[in-house]
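One structure is given below, encoded as structure tokens.
The values are calculated or read from the model by the stated rules, or taken from the named source; none is laboratory data. For clarity, every value in this text was computed on a predicted model and none was experimentally measured. In this analysis, Cβ positions are derived from the backbone assuming ideal geometry, glycine residues included, and neighbour counts consider all displayed protein chains. Heads up: the accessible areas ignore ligands, DNA and RNA and are worked out on the full protein's heavy atoms, side chains in. Shrake-Rupley method; radii C 1.70, N 1.55, O 1.52, S 1.80 Å.
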Amino acid sequence: MLLLRCPLPLLLLLLLPLDSRPQKLPTRDEELFQMQIRDKAFFHDSSVIPDGAEISSYLFRDTPKRYFFVVEEDNTPLAVTVTPCDAPLEWKLSVQELPEEASGEGSGDPEPLEQQKQQITNEEGTELFSYKGNDVEYFVSSSSPSGLYQLDLLSTEKDTHFKVYATTTPESDQPYPELPYDPRIDVTSLGRTTVTLAWKPSPTASLLRQPIQYCIVINKEHNFKSLCAVEAKLSSDDAFMMAPKPGLDFSPFDFAHFGFPADSNSGKERGFLKSSKFGRQTPPKPRVDLHKVCIGNKNIFTVSDLKPDTQYYFDMFAVNTNTNMSTAYVGTFARTKEEAKQKTVELKDGKVTDVFIKRKGAKFLRFAPVSSHQKVTFSIHSCLDAVQIQVRRDGKLLLSQSVEGVRQFQLRGKAKAKYLIRLKGSKKGASMLKILATTRPNKQSFPSLPEDTRIKAFDKLRTCSSVTVAWLGTQERNKFCIYKREVDDNYNEEQKKREQNQCLGPDTRKKSEKVLCKYFHSQNIQKAVTTETIRGLQPGKSYLLDVYVIGHGGHSVKYQSKLVKTRKFC
């Protein structure tokens, strides 16, 4: 049904005229489709994708790559997944009509293939889907037409690796592990050199009983969206992405400074080929502050030997050991406790700082402007529960309040003044927040919010396929984006509460969950309200709605989630 890409060495063998007999490209079911190759140059710029197998390949910057596959019958299910590794990709999926001769039995006559070649050359085909970015993105159709499908990929940023998976049996294959209803990683314990993480098990392991292992990735820079991106970072520095070439051997990275023992087999895992006396010498790579450790099927793990008072980013990937394919949980970050002698964290003027506070804990921060100032502004975004803030200037208490959501405080300045900020966490659990201190009054990183950040649903306007909601805005013009996600009928307020991290922005959501984005404001605060009708929903289904407001600096804040349900009968 689907003709897929064969590995490069096998493809070269197929293209070489080894004998007079016509060579056949591999198919999942050769009775459905057979193709004969006689022209060695025919597939010089193209490849064929195998059905139900993930392939890895490489793109040179600004050099497009094209893949083909054939769907022989109409109404065929089809799923195509593209995973960028370490650079954004531009990719497009299109289809063109398949010649009638292509589905016949191979007779040694290359005419059908030549006709397809002419079609590829002369026709663009119908575009089905396109995407630009570094997210793992996919095209899914429950009923695809027969035809010659074409996948075009391009990297404009740098040379990069990527992965492609395509199948005509997506319901039965399910090679990627499924995420639980709460795909976040929880920081359950935090020390000066240790962080304990916990997460919900994948339903692929708990319900489908498939072999799943979890791999944790730790680094100091940012979260990763795919395991492919992690592996690309492990085998390359940021300055130059080197394509795999014979004679190269990537030396094992020294993770001793990270607190992890060096793996004697890591060189074998990351090396593409054994080095030889003919291989050119490569300079040693800079040390990479990144480590991956796979821990089996446990769903709690303590990372040890970390540096005190250092922010780390943690990512979790569920890996199906049968298919070696993975799915990313929603990553998190945490700052290890400071050393006892280090009482405060220095705030830099105009820079947002992430702060993690354990349950009932406290953090001290210090802000010392380098120049004279008339006013100083503190902007705080509490990601979870409310936190207590106290601000003292040269020992004098200026502010003591509870902060929930986004708040901004403007205080009178004083020459050579030093400010001490004390943040106290919630009694309910750990707290995360973002704080910005600045002497520049126009430095606004966080968007303004109304006092009420609830989403209101209109029950009388509810139908079998749509719901109508409203929310408040402000006098400041901001961008609002609304997202929807179908949830189970037993989804409750306790589960919703666990997903109330306001610091997780739209970039953590799937593209398919996005409803729309729009700009909105009103000079009359009494009229600063907007409504939207979300259509295309299923009868009798429950959906979780989220509204994000995005400020001019790109920082986003999430409104309180709203659980709605469509009518079952209309």
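Values for this structure:
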item: Filtered residues of segment 290-330 (kept if among the hydroxyl-bearing types (Ser, Thr, Tyr), surrounded by fewer than 18 Cβ atoms within 10 Å (Cβ to Cβ) and closer than 22 Å to residue 85 by Cβ); result: 313, 321
item: Condition check for residue 394: within 23 Å of residue 192 (Cα to Cα) and among the charged types (D, E, K, R); result: no
item: The lone exception for residue 41 - which of (1) open to solvent by less than 30 Å² (accessible area, probe 1.4 Å); (2) modelled with pLDDT under 85 it fails; result: (1)
item: Filtered residues of segment 384-400 (kept if open to solvent by less than 70 Å² (accessible area, probe 1.4 Å), farther than 30 Å from residue 186 by Cα and either among the hydrophobic types (A, V, I, L, M, F, W, C) or assigned by the TED database to the domain that holds residue 547 (or both)); result: 398, 399
item: Within segment 521-552, tally of residues that are modelled with pLDDT under 90 and surrounded by fewer than 18 Cβ atoms within 10 Å (Cβ to Cβ); result: 9
item: Those residues of segment 408-427 which are assigned to a loop (DSSP other than H, G, I, E, B) and closer than 20 Å to residue 354 by Cβ, in sequence order; result: 425, 426
item: Selected residue (criterion: nearest to the chain's Cα centre (by Cα)) from residues of segment 457-489 that are closer than 18 Å to residue 521 by Cα and open to solvent by 50 Å² or more (accessible area, probe 1.4 Å); result: 479
item: So residue 336, is it touching a residue at least 40 places away in the same chain (Cβ under 8 Å), closer than 27 Å to residue 304 by Cα, touching a Lys or Arg at 6+ places or on another chain (Cβ under 9 Å) and in the same structural domain as residue 220 (by the TED database); result: yes
item: Whichever residue in segment 455-492 is part of a strand (DSSP E or B) and of a type in the set (Gly, Ala, Ser) and, among such residues, is nearest to residue 515 (Cα to Cα); result: 470
item: Count of segment 58-78 residues which are open to solvent by 10 Å² or more (accessible area, probe 1.4 Å) and either of a type outside the set (Phe, Trp, Tyr) or within 25 Å of residue 227 (Cβ to Cβ) (or both); result: 13
item: Filter result for residue 389 (outside any loop (DSSP other than H, G, I, E, B) and at pLDDT 90 or above); result: yes
item: Verdict on residue 353 being assigned by the TED database to the domain that holds residue 387 and surrounded by fewer than 18 Cβ atoms within 10 Å (Cβ to Cβ); result: yes
item: Within segment 491-505, tally of residues that are at pLDDT 80 or above and either farther than 21 Å from residue 181 by Cβ or surrounded by fewer than 18 Cβ atoms within 10 Å (Cβ to Cβ) (or both); result: 1
item: Check on residue 518, touching a Pro at 6+ places or on another chain (Cβ under 9 Å), surrounded by fewer than 16 Cβ atoms within 10 Å (Cβ to Cβ) and either without any contact (Cβ under 8 Å) to a residue 24 or more places away in the chain or more than 27 Å from residue 334 (Cα to Cα) (or both); result: no
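Quick grid of which residues meet (1) of a type in the set (A, V, I, L, M, F, W, C); (2) in contact (Cβ under 8 Å) with a residue 60 or more places away in the chain; (3) open to solvent by 20 Å² or more (accessible area, probe 1.4 Å):
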| position | (1), (2), (3) |
| --- | --- |
| 402 | no, no, yes |
| 409 | yes, no, no |
| 425 | no, yes, no |
| 435 | yes, yes, no |
| 440 | no, yes, yes |
